[in-house]
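Asker: The following block contains the structure, expressed as structure tokens.
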Protein chains: 2
Amino acid sequence: MKRFTLADIDNLERRYRAQMINCISGIKSVNLIGTKDKNGQTNLAIFNSVIHLGSNPPLLGYIQRPTTVERHTYENIVSTEYYTINAVTEELSSQAHQTAARYEKNESEFVETSIESEYKDNFFAPFVKSSPLQIGLKLEDIIPIPANNTKLIIGKVHELYIQPNLVADDGHLKLDESTIVGGIGLDTYLNLKKHERYSYAKPDETLKKL
Amino acid sequence: MKRFTLADIDNLERRYRAQMINCISGIKSVNLIGTKDKNGQTNLAIFNSVIHLGSNPPLLGYIQRPTTVERHTYENIVSTEYYTINAVTEELSSQAHQTAARYEKNESEFVETSIESEYKDNFFAPFVKSSPLQIGLKLEDIIPIPANNTKLIIGKVHELYIQPNLVADDGHLKLDESTIVGGIGLDTYLNLKKHERYSYAKPDETLKKL
């Protein structure tokens, strides 16, 4: 095994370190967050830090990097309280990656990257029309992380749209039967193939494959 | 698209809701967290909430559910400050899933699920010997999440061990060339296959495939 101590990591060239440390948490979700400001200007940005926080109430979080430069997604969420989280597919991956470019505040990534928006059921923020898993959220809390000046942005799920064929009888979502991608690090996208689904683990029972 | 409003979600049967909402964030990392208490009793538990927080300093977080029942991992981290995060592979997946069973405090999941531990370089907590990506962390901060009484546990990377063949020239880790798995929801494990790697996005440049 190749070993890196904390001192080794601290001494790495900045981009090498960012590439490597962004990979070590393992596989990531890849989502597009859609927002709209009070003047109707839309924004769309790729995030690989969306995380499940709880199901009752249904809460999702994501990590917002330091807001020392313009962060349009964050500004729009703070001022309007509504945003959407949309799963990225193979078909969307290159356009989704391109949303990370530093467009100006008066440019919408929906336009610049040719990703079609969708409004429905009177929800304020724009969804990504072609995503098979679209979530409409309301801001619940913003939690500062002093260790590196990031923030955990917490939203409650108010609207959930999912391709019907992905919903299993017990509520499980068969995302592996869609073209939804996962990610590694900063720039790598993955196809998914089901390995195994296991039964609920109990101390003295053998797991079943579902 | 099948639509669930917040009211629909709140009215779902508890297990159905947990299955579904655990799936909506997208693809998850799957890691085993290894700890040891002050009496030398080891613990190993599967987590699908490990997340990248920053690379300088190198910080990882994970979500700790409410500590109303015994949570051995959390107790050990609080009392000893050291823990390990180890990527789960296809070969480890059934044993890793089994660590979620409610073993007693005096039972070690390393023993009960036949996962071999490893100690090295004087690090206090046990690693998972067969994992191709092992991380030794020191507790940095514990951040309460009032919205649902969970906690964000933050650790700084002090030791990182990685199979040498997975490290690309620029620091990127080719986890897709290992048997490391991703996850969906509570119980489903995924094989990974590289879809694309893209160049850094800039406003007026076409992405290159790397």
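The values are calculated or read from the model by the stated rules, or taken from the named source; none is laboratory data. Note that the structure is predicted; figures quoted are calculated from it, not measured. Cβ coordinates were reconstructed from backbone atoms using ideal geometry, including for glycine residues, and neighbour counts include every protein chain displayed. Side chains included, ligands, DNA and RNA excluded: accessible areas come from the protein's heavy atoms. Shrake-Rupley method; radii C 1.70, N 1.55, O 1.52, S 1.80 Å.
Asker: Please find, among A:SER108, A:SER114, the residue that is more than 8 Å from chain B (Cβ to nearest Cβ) and at positive phi. Before you say what the answer is, go through the steps one by one.
Answerer: Details: A:SER108 fails: at positive phi.
That would be A:SER114, the only listed residue that is more than 8 Å from chain B (Cβ to nearest Cβ) and at positive phi.
Asker: OK, next. Here are A:LEU192, A:LEU210, A:LEU175: which of them is modelled with pLDDT under 95, crowded, with 18+ Cβ neighbours inside 10 Å and in contact with a strand residue (DSSP E or B) (Cβ under 6 Å, 6 or more places away or on another chain)?
Answerer: Numbers: A:LEU210 fails: crowded, with 18+ Cβ neighbours inside 10 Å; A:LEU175 fails: modelled with pLDDT under 95.
Testing whether each residue is modelled with pLDDT under 95, crowded, with 18+ Cβ neighbours inside 10 Å and in contact with a strand residue (DSSP E or B) (Cβ under 6 Å, 6 or more places away or on another chain) leaves just A:LEU192.
Asker: Let me ask something else. Could you tell me which residue of the stretch B:47-64 is most open to solvent (accessible area, probe 1.4 Å), considering only residues that are under 16 Å from B:ASP187 (Cβ atoms) and not in a strand (DSSP E or B)?
Answerer: Only one residue tops the list, namely B:ASN48.
Asker: Can you tell me which condition A:ILE154 does not meet? The list is (1) more than 7 Å from chain B (Cβ to nearest Cβ); (2) in a strand (DSSP E or B), and all the others hold.
Answerer: A:ILE154 satisfies every listed condition except (1).
Residue-by-condition table, conditions (1) more than 8 Å from every other protein chain (Cβ to nearest Cβ); (2) in a strand (DSSP E or B); (3) surrounded by fewer than 19 Cβ atoms within 10 Å (Cβ to Cβ):
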position	(1), (2), (3)
B:ARG15	no, no, yes
B:GLN19	no, no, no
B:CYS23	no, no, no
B:GLY26	no, no, no
B:LEU32	yes, yes, no
B:ASN39	yes, no, yes
B:ALA45	yes, yes, no
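Asker: Name every residue in the stretch B:125-149 that is of a type in the set (A, V, I, L, M), crowded, with 24+ Cβ neighbours inside 10 Å and in contact with a Leu (Cβ under 8 Å, 6 or more places away or on another chain), in order of residue number.
Answerer: Initial filter on the stretch B:125-149 (of a type in the set (A, V, I, L, M)): B:125, B:128, B:133, B:135, B:137, B:139, B:142-143, B:145, B:147.
This time we only want the ones that are crowded, with 24+ Cβ neighbours inside 10 Å, so: B:125, B:128, B:133, B:135, B:137.
Within the stretch B:125-149, B:VAL128, B:LEU133, B:ILE135, B:LEU137 qualify.
Asker: Look at B:LEU6 and say whether it is crowded, with 17+ Cβ neighbours inside 10 Å, within 13 Å of chain A (Cβ to nearest Cβ), out of contact with any Lys or Arg (no Cβ under 6 Å at 6 or more places or on another chain) and within 25 Å of B:ILE142 (Cα to Cα).
Answerer: no
Asker: Of all residues in the stretch A:66-118 being charged (D, E, K, R) and in contact with a Leu (Cβ under 7 Å, 6 or more places away or on another chain), which is most open to solvent (accessible area, probe 1.4 Å)?
Answerer: Residues of the stretch A:66-118 charged (D, E, K, R): A:70-71, A:75, A:81, A:90-91, A:102, A:104-105, A:107, A:109, A:112, A:116, A:118.
Among the residues that remain, those that are also in contact with a Leu (Cβ under 7 Å, 6 or more places away or on another chain) are: A:81, A:109.
Numbers: A:GLU81: 76, A:GLU109: 9 Å².
This residue is A:GLU81.
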